[in-house]
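Enquirer: Here you go, one structure.
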Ligand SMILES: NC(=O)c1ccc[n+]([C@@H]2O[C@H](COP(=O)([O-])OP(=O)(O)OC[C@H]3O[C@@H](n4cnc5c(N)ncnc54)[C@H](OP(=O)(O)O)[C@@H]3O)[C@@H](O)[C@H]2O)c1
């Protein structure tokens, strides 16, 4: 049996539809018929080979971390899921290349949860990777009602969820976003939006919040910019980033009395927390732009551009 999969045959290749064998679920694994696959920053990193020295990559390389679909078959030992279940989740294999941009994907059962019933597969596929990372960032920053949080990259994948989660906690969110993203930032619960393209964002923030902010959650900055924006955080506050390189700002931030915390994606066992927030109406899936599987390469290129508002999703079935 074969299936359609979007794959690249070498690093940097544009990628195309391949016919590949349908994978078999081993012990603890689930074969999912993919309906939609979210696109993430990691996907262009995988296909371009930026992570080739850190992780095994297998060719033809099928990208795709996020998925929403229907269980086709379960491997030995899987009792939580049965064929026909609607699920969403993340591919958690140690090697890169057997991802969700395909008709079917094998996923470890602990990477999955029941799909939120109120969401379409396209919407559900936009949630897991960035939603679990946003939850990690919010738990690290721990904003309290009335506190002010500066959110950089507030309308991207992770930032869209961070903005909503911080606002839902009663924090005042100051979004740093380009002017085309302003309306979305405000819709998602930000109280004000600073356009980083129309002047220095730190100076603009200091003008509107001379007393500083209680926390910084930054989805974009490198270490140098993180340390600089961290000057806006009051002593005793926190600066959080999901970006590995930003961690090099920790020492500079500490000198200023600010604690740096790296936010790595929480395990998929926390997906039910996101489901509860979605079903409870406290968390909304951001705007989605869809691409058919045949055009997954264009979606990957758009993701690599770094200015996606909301999420890109590849529709498969
Ligand atoms: N550690 C983990 O487990 C983990 C998990 C997920 C993601 N991440 C990382 O987290 C980061 C964000 O991921 P994402 O999915 O949210 O990415 P994304 O959807 O591409 O969002 C990036 C955001 O950065 C903003 N941006 C671009 N240039 C900017 C600038 N000069 N100043 C301020 N903001 C700027 C964009 O806003 P505009 O459109 O307004 O420019 C956009 O909102 C990535 O580096 C990703 O690799 C880490």
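Derivation of every value follows stated rules applied to the coordinates shown; laboratory data play no part. Every value quoted in this text rests on a predicted model; they were computed, and no experiment measured them. Positions of Cβ are generated from backbone atoms using ideal geometry, with glycine treated the same way; all protein chains shown enter the neighbour counts.
Enquirer: If you fit an axis through the alpha-carbon atoms of helix 157-168 and take the longest principal axis of the Cα set of the chain, what angle between them do you get, 0 to 90°, nearest 10?
Expert: Helix 157-168 sits roughly 50 degrees off the main axis of the chain.
Enquirer: What are the principal axis extents of the Cα atoms in the chain, in Å, biggest first?
Expert: Ordered largest first, the chain gives principal extents of 64, 40, 33 Å.
Enquirer: To the nearest 0.05, how large is the calculated FRET efficiency for residue 59 and residue 198 if R₀ is 35 Å and r is the Cβ-Cβ distance? Kindly include the intermediate steps, with their values, before the conclusion.
Expert: Working: r = 44 Å, r/R0 = 1.26.
Efficiency for this residue pair is about 0.20.
Enquirer: By how many nm would the segment from residue 222 to residue 24 lengthen if fully extended, with 0.36 nm per residue of separation less the alpha-carbon distance? Spell out each step's value before the answer.
Expert: Details: separation 198, 0.36 × 198 = 71.28 nm, distance 4.06 nm.
Full extension of this stretch gives 67.2 nm more.
Enquirer: With just the Cα atoms of region 9-99, tell me how far they stretch along each of the three principal axes, in Å, largest first.
Expert: So the three principal-axis extents are 38, 24, 22 Å.
Enquirer: Which whole-number percent of Cα pairs in region 142-299 have a distance greater than 21 Å?
Expert: 46
Enquirer: Next question, about the same structure. What's the ranking of 211-221, 128-138, 241-251, 183-193 by average number of surrounding C-beta atoms within 10 Å, highest first?
Expert: Those peptides, ordered most packed to least, come out 128-138, 211-221, 183-193, 241-251.
Enquirer: Rounded, prolate or oblate: which fits region 36-161, taking a ≥ b ≥ c as square roots of the Cα gyration tensor eigenvalues, rounded meaning a/c under 1.5, else prolate when a/b beats b/c?
Expert: Because a/c hits 1.5 or more and a/b fails to exceed b/c, region 36-161 counts as oblate.
Enquirer: Quick check: residue separation of residue 50 and residue 9 times 0.36 nm, minus the Cα distance between them. What number comes out in nm?
Expert: Gain on stretching residue 50 to residue 9: 13.2 nm.
Enquirer: For residue 92 and residue 304 in one chain, what is 0.36 nm times their gap in residues minus the Cα-Cα distance, to one decimal in nm?
Expert: 74.2 nm
Enquirer: Between residue 82 and residue 269, what is the label-point separation in nm under the 7 Å Cα-to-beta-carbon projection?
Expert: Result: 2.5 nm between the two label points.
Enquirer: Helix-only mean residue ellipticity at 222 nm, the chain, DSSP H runs n ≥ 4 weighted -39,500 (n - 2.57), per residue, nearest 500. What is it?
Expert: Mean residue ellipticity, 222 nm, calculated: -7500 deg cm²/dmol.
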